[in-house]
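Trainee: I have a structure I would like to understand better, so I am pasting it below and will then ask my questions one at a time.
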Amino acid sequence: MPQFASPDILRLVQSGLSEDAFQLRIHEGIARELATGPDAGWSLLTVLFNDLALFETMREIAGCQEIQCFTGRIYRMNPGSDHYDAWHDDLGGHRLIAMSLNLAEEPHQGGVLQIRDRATRQIVAEVDNTIYGDAIIFDLSPELQHRVTSVVGAVPRTAFAGWFRSYPSIRQLFTGDHSALLGHSKALVHAGLLDAIHVHGGIQVLLSRGHTSRDRASFPCR
């Protein structure tokens, strides 16, 4: 999906993606990568992607009516390193649909998303998402597995990746175990990066400085 996120959003996120922002993250047997913590860029993307209009669009595209929230992480796979992403299915945790937004300003080499049939191990799809701000979405199923191939060349693969989930709700996401997220979001409001946060059954966020609703999680398929 081309230009899933608007240039203004990407600039705000990119301003916080220094090398110091990333720490080693190991998911034993599945992935080894660098990831940021719950910083301002992560909070901004999480708030923007928890958008009721976006959920409705995803329901129409994927035929999945149970979507209640989106959770994700900002991660990086460096070329020439021991970073890897092995075959897995991402099932569990009430996950329904996976999404990855490319945050690398320059095209990387390798880092291709591959999807295979679990039983036959035949690759059924490959997507090389190398354009800044483009996103890919794909269904999660017990019959399928996916991985990201090793990154080569000189440019790291950086992305915001996560899942549309059936639980928790947006309200629970922002007020329960992830209450720190709301704190980061309020800081963004005070800094003038977000205009307002409204919580009543859902959360809607509008960017300040005269931006329209199209500048939220810009979604060309709508």
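The values are calculated or read from the model by the stated rules, or taken from the named source; none is laboratory data. No experiment lies behind these values; they were computed from the predicted model shown. Cβ atoms come from the backbone with ideal geometry, glycine included; neighbour counts cover every protein chain shown.
Trainee: Taking the options T175, T158, name whichever one is among the hydroxyl-bearing types (S, T, Y) and within 15 Å of A31 (Cβ to Cβ).
Mentor: When all the criteria are applied, what remains is T158.
Trainee: Something else about it: Just one of (1) without any contact (Cβ under 8 Å) to a residue 12 or more places away in the chain; (2) not in a strand (DSSP E or B) trips up D8, so point out which.
Mentor: Every condition holds for D8 apart from (1).
Trainee: Working only within the range 16-50, note down all residues that are modelled with pLDDT of 90 or more, charged (D, E, K, R) and either touching a Lys or Arg at 6+ places or on another chain (Cβ under 8 Å) or outside any loop (DSSP other than H, G, I, E, B) (or both).
Mentor: R25, R32, E33
Trainee: Can you pull out every residue in the range 51-80 that is of a type outside the set (A, V, I, L, M, F, W, C), surrounded by fewer than 20 Cβ atoms within 10 Å (Cβ to Cβ), touching a residue at least 12 places away in the same chain (Cβ under 8 Å) and not in a strand (DSSP E or B)?
Mentor: Once the filter is applied, which keeps residues that are of a type outside the set (A, V, I, L, M, F, W, C), surrounded by fewer than 20 Cβ atoms within 10 Å (Cβ to Cβ), touching a residue at least 12 places away in the same chain (Cβ under 8 Å) and not in a strand (DSSP E or B), the range 51-80 yields T57, E66, Q68, N78, P79, G80.
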